[in-house]
Structure formats: C-alpha cells, structure tokens
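S.K.: So that we are looking at the same thing, I have put the structure below in structure tokens.
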Amino acid sequence: MSLSPAARSLVVIPARMASTRLPGKPLADIAGAPMIVQVWRRATEAAVGPVLVACCEQEVFDAVVAAGGQAVMTDVDLPSGSDRVWQAIQRFDPQGDYQVIINVQGDLPTLEPHLITAALAPLAEPSVDIATLVAEITDPEERTNPNVVKAVTGLSAQGGADHGRALYFTRATAPTGNGPLWHHIGLYAYRRSALERFVSLPPSPLEQREKLEQLRALENGMRIDCARVDTVPLGVDTPADLEKARRLLSRT
C-alpha cells in the first residue's frame, strides 16, 4: 500500500541562528558549504518533493538561495520548529497543494536521504496522523541516557512489522523487561491537517514534563507511527559534533 499520488509531499527544514550550545550553526562551514545547505542537499537527494528552508534570518535565506534552494522567511519569535514549519507552509503554499509535510531538522548534515523516504511509509495507513523514525538501541549507555529519547512501541527486534504505533515517548529507560529499546529520531512526516491541528493545540502536561513536543499529539488523541530504520543520523549540537560532521562529509 502506498500514499495516493494526489498526496504531494513537501520537505521543510526549519533553521535559526540562535542555538544555545552552538550559536550560528546553520551557517557553520562543513566541507565547503554552510550546514543548512548540506541538509538541503541531503533532503533534495531523497527526491520526495520540493525542499523548503524555513528561516528567520536574512543570512540563512541568502545562503540557501545562493546554493540554488528555496527558502521562506518566518517570524523570529515562533515558539518551536513545528510552528516555523507551519508558518512557512502557509506562506509558500497557501492554496494547499501539498498534503504531506516532512519536517527535517536543520542540524542533520550527514542525513542519509533514504531515511526521509522511510518516514513516509506509515502514512500509507489512513488512520496515521504523524509518522516518525526509530532505530534499535545497541549502545548500553544510550539505554539510560536521558538525552536519548525512547519511543515505546511494540516493534520486535528481529523481523515482523517494519513500523508500529507509538504508545509513548520518554527520556526514561522504557519499557521495562526483556526486549529492544527504540531510539527516537526526530524526523516527522505529517498529514497537513494533522500539523495544522498540532500547532493549534496548547502545550500539554506530559510534553512540559518530559520536554518532548510529540507528547502533545499523543495526549490529544493523534496517532503517531514509527518506521524502523537501521541508523541514527548525527545531530550537530556541539563543537565536537560539528567536527565529526566535517570529517564525515570531507570523505565523500
């Protein structure tokens, strides 16, 4: 089963310069190009639809356009990346031509393009509102690391279904007992109507407690399914991450 051909997809990459741990990271040079341009390239290589950068600084807009990409300016004071994505969509596609929106974080310069494609698969089920990605945790340290978000889903470690329903997301080690733990990868594919509803909802109690925005959707009865993938992309949050990304892309 696949998405209807009428369900056109649009990739949106939110980006802002005011990172707490790595200020100005969208324009950090990686293998001769700003990081945001490297992310735009990976998303373009996925070939699932147009790729749009949602930014709030002119220098980011200019860097994307200079590389041949499309960008939309958004308000500076939006509360989250999801809100930035939604505002960019409204400005870029007010007529609603694109019904599937893929939110790719702007700090994934080494993202493998096939992961973007994988995120679309769960939306073949009409009752799924939002799709995202998980990979099995193999590093014992990650099992208890609160910075590694776990998706509680009934996927088995070997074989079986390639995606399953998300019951919860947590920074704790969960679920208990024997079986795999799943590292949540923060890349989302939304039905446009689901994203519109999501950004209209107020922050929820569990979202605020766990500091995990996706819990707002679950607390309001929205269905999130997780597609199983084999790799966790490198997120650039620190100077050390940036150096690692530079080493990886300098080899390609």
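Here, each number is a calculation from the coordinates, and none is a lab measurement. Keep in mind that this is a model prediction, so the values were computed, not measured. Please note: Cβ atoms are built from the backbone with ideal geometry, for glycine as well, and neighbour counts cover all protein chains shown.
S.K.: Hey, can you grab everything whose amide H is under 5 Å from the amide H of Arg8? Only 5+ residues off in sequence or another chain; H modelled, so Pro and N-termini drop out.
M.R.: Amide H neighbours of Arg8: Gln99, Val100.
S.K.: Along segment 189-202, what does the Karplus equation 6.51 cos²θ - 1.76 cosθ + 1.60 (θ = phi - 60°) give for ³J(HN,Hα), rounded to whole Hz, x for Gly and Pro?
M.R.: So the J values, rounded to whole Hz, are 10, 10, 5, 4, 5, 5, 5, 4, 5, 4, 6, 7, 7, x.
S.K.: Add -39500 (n - 2.57) for each DSSP H run of 4 or more in the chain, then divide by its residues: what number comes out at 222 nm, to the nearest 500 deg cm²/dmol?
M.R.: One gets -9000 deg cm²/dmol as the mean residue ellipticity at 222 nm.
S.K.: Show the residues, 5+ positions off or on another chain, whose built amide H is closer than 5 Å to the amide H of Thr238.
M.R.: Answer set, sorted by chain and number: none.
S.K.: Suppose every Lys and Arg Cβ carries +1 and every Asp and Glu Cβ carries -1, with no other charges. What dipole size does the chain come out with about its Cα centre, to the nearest 20 debye?
M.R.: Using Cβ point charges on Lys, Arg, Asp and Glu, the chain gives about 160 debye.
S.K.: Give the lysines reachable from Lys211 as a straight Cα distance under 17 Å; neighbours fewer than 8 places away on the same chain don't count.
M.R.: Output for Lys211: Lys150.
S.K.: Using modelled backbone amide H atoms (1.01 Å from N, in-plane), which distant-in-sequence or interchain residues come within less than 5 Å of Leu187's amide H?
M.R.: For Leu187, whose amide H was placed from the backbone, the distant partners under 5 Å are Leu133.
S.K.: In which sequence would Tyr98, Tyr190 go, from the one with the fewest C-beta neighbours within 10 Å to the one with the most?
M.R.: Going from sparsest to densest Cβ surroundings: Tyr98, Tyr190.
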